[in-house]
Amino acid sequence: ARLVALGLQPRLQPARDADYAALLRRYHEEPAWARLCDAVATGLGLVVMEVSPRAGMAVAAAEDSVFAVRIGDYARRAAADSADRFLHGLAHLAVAALAFPRPADLADEGYSGRVSVLGVESFVRQACAVLEERATGRGENTDPATDAPELEAAWRVYARRSATGATKDARRLAGSTTGIIGKAVAFLADSGFLQRTGDENGGTYRTTPRYRLQVRELAGTAAMAELLSLGVVTVTDGGGTLSAPDPDT
């Protein structure tokens, strides 16, 4: 239970905590004890993704777990208008796609993705432009049918939203798209998934091993595949490209 509790502190690094490091060694050296640790996590509604000196005990909350963070609750904390919850979800999806644009990145334990607030905003704007071109080509003048893909139904909402609206004292409006993305990356940093590296481009960040594990679980979802299939090429570190998945792979 102590190991699981340490795993629930995502910013805690095993290399800086002797007790944590010792428990991780015991997990790998005593299979029966490791199974007990996994059972405690399961009883708390947690999924053990990896246990390693680099990532620590990386756990994710199951949907019905008391530790789960729901996008509706997250959006209400971030802004008064709960109708913006889709935009908050889209911001998180875009950060994940830009941080790990290639399947190999998710498999590489040493890979560190890099993102910035303005880079994510530019990426989503380009995705909206692609979706708008598709809608125009089909002669659509109204919202898509209810059975249309979610991103196609929502690009208009993002495109209409101001990117950089500011208050009188020059702070970003919480409801602007850069404000929403800024909230997303700040939340990920507080959760131990990103580390802030600078103030350029609205704030720059690098990924942590825990975020790679989280995104690896997310990458198989329909929304991630749909976003990547748009073929938008915007990778801030110059190390890769976004491309449509190969159906034969």
Quiz item: In whole Hz, what ³J(HN,Hα) sequence does region 30-43 give by Karplus (6.51, -1.76, 1.60; θ = phi - 60°), x for Gly and Pro?
Solution: 10, x, 5, 5, 4, 5, 5, 4, 4, 5, 4, 4, 4, x
Practice problem: State, to one decimal in nm, how far the label point of GLU63 lies from the label point of VAL40, with both points 7 Å from Cα in the Cβ direction. | Solution: 2.8
Exercise. Tell me which residues come under 5 Å, amide H to amide H, from THR197 once H is placed; ignore anything under 5 positions away on its chain.
Key: THR204, TYR205, ARG206
Exercise. List every residue whose amide H lies under 5 Å from the amide H of ALA163, counting only residues 5 or more places away in sequence or on a different chain, with H placed 1.01 Å from N in the peptide plane.
Key: THR177
Quiz item: HN-Hα J couplings of region 7-13 from phi, Karplus 6.51/-1.76/1.60, θ = phi - 60°, integer Hz, Gly and Pro as x?
Solution: x, 7, 10, x, 8, 7, 9
Self-check item: Debye log10 I(q)/I(0) at q = 0.13 Å⁻¹ for region 1-61, Cα point scatterers
Solution: -0.27
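Only the coordinates and a few stated rules stand behind these numbers; no lab work does. Here the structure is a predicted model, which means the values were calculated and not measured. Neighbour counts run over all protein chains shown; Cβ positions are idealised from the backbone, glycine included.
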